[in-house]
Amino acid sequence: MKVKRILWKYRPHKDGSCDIKIYVFHLNKQRHFSTGFSVMPKDWDDKNGLVKKTHPLADGYNANIRNLLIS
């Protein structure tokens, strides 16, 4: 099973922010699950799959996303 945090740039909001989703690939099937969070692309670290410290709520978002992956 492969699990990643991704920024869904395919359908940005009117303000330019994009949803953060959890990507799961298991048994040749892929699914995307919403986290309920969205950030601007400049505040997203693609390499690590985390919200950059430039975003004022980065610590809270990253902690909540980690909790989603654990549960």
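State which residue pairs qualify: first residue in contact (Cβ under 8 Å) with a residue 24 or more places away in the chain and inside the stretch 19-30, second residue part of a strand (DSSP E or B) and of a type in the set (Lys, Arg) in any location, beta carbons under 7 Å apart, and separation of 6 or more residues or different chains.
Ile20/Arg5; Ile22/Arg5; Phe25/Lys2
Any residue in the stretch 56-67 that's farther than 14 Å from Asp43 by Cα: show its pairings with residues that are hydroxyl-bearing (Ser, Thr, Tyr) and outside any helix (DSSP H, G or I) at Cβ separation under 7 Å, as long as the two are six or more apart or on different chains.
Ile65/Thr35
Restricting to the stretch 33-44, what's the tally of residues that are surrounded by 12 or more Cβ atoms within 10 Å (Cβ to Cβ) and either over 16 Å from Leu69 (Cβ atoms) or in contact with a Phe, Trp or Tyr (Cβ under 8 Å, 6 or more places away or on another chain) (or both)?
The total comes to 7.
If you go through the stretch 45-55, how many residues are in contact (Cβ under 8 Å) with a residue 12 or more places away in the chain, surrounded by 14 or more Cβ atoms within 10 Å (Cβ to Cβ) and under 10 Å from the mean Cα position of the chain (by Cα)?
3
Pull up the stretch 8-25, narrow it to residues that are surrounded by 10 or more Cβ atoms within 10 Å (Cβ to Cβ) and of a type in the set (D, E, K, R), then point me to the one that is nearest to the chain's Cα centre (by Cα). Please lay out each step first, then the result.
Within the stretch 8-25, the first condition is being surrounded by 10 or more Cβ atoms within 10 Å (Cβ to Cβ), and the residues that meet it are 8-9, 12-13, 16-25.
Filter once more, so that each one left must be of a type in the set (D, E, K, R): 9, 19, 21.
On the way: Lys9: 10, Asp19: 7, Lys21: 4 Å.
So the residue we want is Lys21.
Condition first: in contact with a Pro (Cβ under 7 Å, 6 or more places away or on another chain) and at pLDDT 95 or above. Can you find one or more residues in the stretch 12-24 that meet it?
Yes: one or more hits.
Give the number of residues within the stretch 35-61 that are more than 10 Å from Arg5 (Cα to Cα) and polar (S, T, N, Q).
Looking only at that region, the number is 2.
The values are calculated or read from the model by the stated rules, or taken from the named source; none is laboratory data. Keep in mind the model is a prediction, meaning the values are calculated, not measured. As a convention, Cβ positions derive from the backbone with ideal geometry for all residues, glycine included, and neighbour counts pool all protein chains shown.
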